[in-house]
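Structure record follows, encoded as structure tokens.
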Amino acid sequence: MKQGLFQRLDLLWRIFKVFFKIGPSTFGGGYAMIATIEQEIVQKKGWMNEEEMGDMISVSGSAPGGVAVNSAAFIGYRLGGVAGALVAVIAITLPTFLIVFLLSYLSFMFKDHGKVQAALKGIHAAVVALIIVAAKKMWKTAILDAATLILAAVSLILLLFTGIHSFYLILGGPIIGILVVLFKQKRGMSVKTEKTRPEQHHELQFPEYYI
């Protein structure tokens, strides 16, 4: 029993370390963190595969709140239950809180400094690249066929050229998806809800999840 407790505490500690490292190492908000989260969780730790990561991003982006915090809660719960979710959320928000607190304290002193302004401009440019990388990774799992491609294109056009709130697009996405699937099923057409991946990509690589 003690050994099981130690193993669980060790898992929670590893979850904390991963998300505590992610928090201060990324700039630009939740979607800019997606690439780093995937690198740590999928590529380095093997706690989730790419398909699960894509599903997690979709759910986290659709739920209220910041996508980074939602992702941390999702992954933490997936690995360690409620305790894992709580640890992950604390770990990913604590560094940001401390950094923002410190920057707020020092901002009045350095806000007009030329080098600081130049550094922020460089960060803004890097954030654009991070968001593009996140969009590319989401594209691989979200765009399955012509219907999903059209839905993505229409959503992008509406966001760019109209004043529609993103909430209505998030609400309409699953409704349209259900209608498209029902239409295809009624017509006897093949329904594709996820991309086919090689067998090795579906193997779970985190045995500690079952402890």
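The values are calculated or read from the model by the stated rules, or taken from the named source; none is laboratory data. These numbers come from a predicted model, not from an experiment. Note: ideal-geometry Cβ built from the backbone for every residue, glycine included; neighbour counts use all protein chains shown. The area values use the complete protein model at the heavy-atom level, side chains included, leaving out ligands, DNA and RNA. Shrake-Rupley method; radii C 1.70, N 1.55, O 1.52, S 1.80 Å.
Of the residues in segment 88-95, at least one is part of a helix (DSSP H, G or I) and at pLDDT below 85.
Has segment 63-73 got any residue that is in contact with a Gly (Cβ under 8 Å, 6 or more places away or on another chain) and under 20 Å from Thr148 (Cβ atoms)? Checked segment 63-73: at least one residue is in contact with a Gly (Cβ under 8 Å, 6 or more places away or on another chain) and under 20 Å from Thr148 (Cβ atoms). Within segment 136-154, if we keep just the residues that are surrounded by 15 or more Cβ atoms within 10 Å (Cβ to Cβ) and of a type in the set (Val, Ile, Thr), the residue that is modelled with the highest pLDDT turns out to be Thr148.
Conditions (1) within 21 Å of the chain's Cα centre (by Cα); (2) assigned to a loop (DSSP other than H, G, I, E, B); (3) at pLDDT 80 or above, marked per residue:
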position	(1), (2), (3)
Leu156	yes, no, yes
Leu171	yes, no, yes
Pro174	yes, no, yes
Ile178	no, no, yes
Lys184	no, no, yes
Glu194	yes, yes, no
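Taking residues in segment 129-150 that are without any contact (Cβ under 8 Å) to a residue 24 or more places away in the chain, and partners anywhere that are of a type in the set (A, V, I, L, M) and in a loop (DSSP other than H, G, I, E, B), the pairs with Cβ atoms closer than 7 Å and at least 6 places apart or on different chains are Leu149/Ile143. Take Ser58 and decide whether it is open to solvent by 40 Å² or more (accessible area, probe 1.4 Å) and in contact (Cβ under 8 Å) with a residue 24 or more places away in the chain. Yes; evaluated as a whole, the condition is true for this residue. Out of all the residues in segment 100-118, is one or more in a helix (DSSP H, G or I), open to solvent by less than 90 Å² (accessible area, probe 1.4 Å), within 27 Å of Ile41 (Cβ to Cβ) and in contact (Cβ under 8 Å) with a residue 12 or more places away in the chain? Checked against the condition, which is being in a helix (DSSP H, G or I), open to solvent by less than 90 Å² (accessible area, probe 1.4 Å), within 27 Å of Ile41 (Cβ to Cβ) and in contact (Cβ under 8 Å) with a residue 12 or more places away in the chain, segment 100-118 yields no hits at all. Residue count for segment 158-169, restricted to those that are assigned to a loop (DSSP other than H, G, I, E, B) and open to solvent by 70 Å² or more (accessible area, probe 1.4 Å): 2.
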